[in-house]
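Data block below; observations after.
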Amino acid sequence: TNFWSTVPQGPPDPILGVTDAFKKDKAPNKVNLGVGAYRDENGKPYVLESVLKAEDILHQKKLDKEYLPITGEAEFVKLASELAYGKNSKPIQEGRLAVAQSVSGTGALRIASGFLSAHYNGPKTVYLPDPTWGNHVPIFENVGIKVQRYRYFDKKTVGLDFIGMKEDIKLIAFALQILLHACAQNPTGIDPTQEQWKELSELLQAKKHLALFDMAYQGFASGDIIRDAYAPRYFVEQGHQIILCQSFAKNLGLYAERAGTFSMVVSSAEEKERVLSQVKRIIRPLYSSPPIHGAQLVATILGSPELYEQWLGEVKKMADRIIDMREKLYNLLVELKTPGEWGHIKSQIGMFSFTGISAEQVQALADHAHVYMTKDGRISMAGLNEHNIQYFAESLSKAVK
Ligand code: PLP
């Protein structure tokens, strides 16, 4: 019996599909600006020195491969939370931060959606920025949470539509779930300023909304992990019971290790136990318990003052190389007398830049110049380097002329 003859072909993943098209292209000068992974100055994947050292340390320890608890490796969970919230964060000191290790940032978001779907008392609707990381939509819809959008990107200024964002958050019903990118918003590379975060904190509090922070790029935005954690830390100081989804994929280059955390600020240590008992019930049928190796790597680095310092330097180096590429790309586009205003290339933050070019121009770049990016005109700045930036700038300039 064939059981599967009626299964329809699914659409290709909008981001991973770009890499497939790039791989098929045989041109030697092809450029892949689709994928959100750091590349070094020669366009190669980069393993951090601090990670290599941690690998050596772990190898020598000859640790066992026993199952982790459902909520993960205790030392990792502690150190990761301190990195996100700060050691002196009140919820940590008062024992009212409920944390579980997660299968990277995506897994954390999936625990969040599962938990909200089961236990959130307000309307089961999440508001996402428009635009946002594509995977946010099915992560919530798949558990029956309704997805709505708030305005975020202003096409005209290629900047933040802060007035529109506030209007939308003000107008919607009370007690909704508002997803916020903690820093280095994907795909736009545009973040609220610290003053704007303060206003948002007040606004969300007034409307009794739940702030759900997605922090996939701590350190990648400014090169400074404390500065990049400003928004969630400020919200916590102001008394928000935030949910935070933390990923170590980008800032430690641990993409495939799937190390992350899901955390919730709650009101008491007793409440934390109740909440965690339910978090475990979400995780157990999903994947039982998390993978160990990435968590051990992170704990080794965060737990060693020497490796921690080295890692901070490496994060800064990655962020600085991206900032340098922004500056160079901007200068080249101006030199090439490219029509339009390109200041946003320099002012945007993090791994991505939202170029503002049309879907047709994106297609033309792939067809004629072997340059690949997502349909929305987002480029991964990390894909640019000294060898390909001139070629990319010329191709982009040609495409918009
Ligand atoms: N959130 C955002 C905004 C992202 O851009 C990403 C990765 O691209 C993730 C979450 C999750 O990444 P991961 O599951 O690899 O940690």
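What follows is calculated from the coordinates using simple rules that are stated; it is not laboratory data. No experiment lies behind these values; they were computed from the predicted model shown. We place every Cβ from the backbone using ideal geometry, glycine too, and count neighbours over all the protein chains shown.
Under 5 Å between amide hydrogens, built in the peptide plane, is the criterion, and for Leu210 it picks out Leu176, Gln177, Ile178 among residues at least 5 positions away or on other chains. Per residue, the average separation of C-alpha pairs within less than 8 Å and at least 6 apart gives the chain a relative contact order of 26 percent. Subtracting the Cα-Cα distance of Lys61 and Lys280 from their residue separation scaled by 0.36 nm leaves 75.9 nm. Annotation: peptides 5-12, 257-264, 296-303, 86-93, ranked by per-residue average of other Cβ atoms within 10 Å with the highest first, follow the order 257-264, 296-303, 86-93, 5-12. Amide H contacts of Arg39: none lie under 5 Å away among residues 5 or more positions distant or on a separate chain (H built 1.01 Å from N in the peptide plane; Pro and chain starts excluded). For the pair Arg227 and Leu336, label points projected 7 Å from Cα toward Cβ lie 2.9 nm apart.
Karplus-derived 3J(HN,Hα) values for the range 325-330, using 6.51 cos²θ - 1.76 cosθ + 1.60 with θ = phi - 60°, are 5, 4, 4, 5, 5, 4 Hz; glycine and proline are entered as x. What pairs from Lys146/Lys170; Lys90/Lys170; Lys53/Lys272; Lys250/Lys317 go past 24 Å between their alpha carbons? Result: Lys90/Lys170; Lys53/Lys272 exceed 24 Å.
Extension gain, Leu312-Lys44: 0.36 nm per intervening residue step, less the Cα-Cα distance, totals 94.4 nm.
With both labels modelled 7 Å from their Cα along Cα-to-Cβ, the Asn29 to Lys87 distance reads 5.3 nm.
Can you tell me the FRET efficiency between Asp130 and Asp20 if r is taken as the Cβ-Cβ distance and R0 is 25 Å, rounded to the nearest 0.05? Don't skip to the answer; put the middle values down first.
Details: r = 27 Å, r/R0 = 1.07.
My answer for the efficiency is 0.40.
Near the amide H of Ile242, within less than 5 Å, lie the amide hydrogens of Val265, all on another chain or at least 5 residues away, with H placed in the peptide plane. Dividing the summed helix terms, -39500 (n - 2.57) for each DSSP H run of n ≥ 4, by the number of residues in the chain produces a 222 nm estimate of -14000 deg cm²/dmol to the nearest 500.
Averaging the Cα positions of each part gives two centres, and for the range 29-80 and the range 94-143 these lie 24 Å apart.
Picking from Ile57, Ile226, Ile282, which is most flexible by a Gaussian network model of the chain using Cα springs under 10 Å? Per the Cα network of the chain with a 10 Å cutoff, Ile57 tops the list. The separation of the range 203-272 from the range 366-392, counted between C-alpha centres, amounts to 31 Å.
With the cut-off at under 12 Å, measuring from each backbone N in the range 321-361 to a point 7 Å along the Cα-to-Cβ line of Glu237 picks out no residue. Computed from point charges on the beta carbon alone (+1 for Lys and Arg, -1 for Asp and Glu), the dipole magnitude for the range 148-291 about its Cα centre is near 460 Debye.
If packing is taken as the average count of other Cβ atoms within 10 Å, what order do 314-320, 215-221 fall into, highest mean first? If you can, show how the numbers build up before the last one.
Values: 314-320: 19.0, 215-221: 25.9.
Those peptides, ordered most packed to least, come out 215-221, 314-320.
In order along the range 120-126, the phi-based Karplus estimate (6.51 cos²θ - 1.76 cosθ + 1.60, θ = phi - 60°) of 3J(HN,Hα) comes to 6, 7, x, x, 7, 9, 10 Hz; Gly and Pro are listed as x.
Report the local net charge at Gly223: Lys and Arg +1, Asp and Glu -1, summed over other residues whose C-beta lies under 9 Å from its C-beta.
Working: positive: Arg227, Lys316, Lys317; negative: Asp224, Asp228, Asp320.
Its environment carries a net charge of 0.
A dipole drawn for the range 149-276 from +1 and -1 charges on Cβ atoms has a positive end, and of His240, Ser267, Ala175 the residue lying farthest that way is Ala175. The simple spin-label model puts a point 7 Å past each Cα toward its Cβ; for Glu75 and Glu167 those points are separated by 5.3 nm.
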